[in-house]
Amino acid sequence: MKHTNSGLVYSTDGGRMCPDCRRPVAACACKATVVPTGDGVARVSRQTRGRGGKTVTLVKGLALDGAALMALGKQLRTACGCGGTVKDGAIEVQGDHCDLIMEVLGKHGLHAKRVGG
């Protein structure tokens, strides 16, 4: 008996894989709709664990697709004047910029919550 759910889920070459056509999501042939995870409340936190003592501000919980998340990440990095990235549905901004990010998210009409200490 062959399982239909078995297959590659993540690859270091292509990242997330489409469950329908088994290709990287960026090169998906079927363009399956990927439902963004999140409840629409941006959770802003500060993290240093696993980063060699460097501080990173994380923004999680936004129900945005990949392109919109990348655009918002770019705007947040520009407002803070620092680098960062978007990984696994979370925006990472280098440095401790929680208050500034909360203000910028409020100006964009997004509800933001401060999480953690």
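If you check Asp96 against the conditions, is it touching a Lys or Arg at 6+ places or on another chain (Cβ under 8 Å), in contact (Cβ under 8 Å) with a residue 24 or more places away in the chain, surrounded by fewer than 17 Cβ atoms within 10 Å (Cβ to Cβ) and not assigned by TED's automatic domain parsing to the domain that holds Arg16? Yes: the conditions hold for Asp96. Per the conditions (1) surrounded by 10 or more Cβ atoms within 10 Å (Cβ to Cβ); (2) modelled with pLDDT of 65 or more, the sole criterion not satisfied by Ser11 is (2).
Taken over segment 89-117, the criterion of being under 16 Å from the mean Cα position of the chain (by Cα), under 18 Å from Ala71 (Cβ atoms) and not in a helix (DSSP H, G or I) is satisfied by Gly89, Ala90, Ile91, Glu92, Val93, Leu110, Ala112. For segment 31-58, filtering for residues that are among the hydrophobic types (A, V, I, L, M, F, W, C) and either modelled with pLDDT of 75 or more or part of a helix (DSSP H, G or I) (or both) leaves 5. Does Thr85 qualify as being part of a strand (DSSP E or B), surrounded by fewer than 15 Cβ atoms within 10 Å (Cβ to Cβ) and not assigned by TED's automatic domain parsing to the domain that holds Val25? In short, yes.
The values are calculated or read from the model by the stated rules, or taken from the named source; none is laboratory data. In this text, all values refer to a predicted model and were calculated from it rather than measured experimentally. Counting neighbours? That spans all protein chains shown, and the Cβs are built from the backbone with ideal geometry, glycine included.
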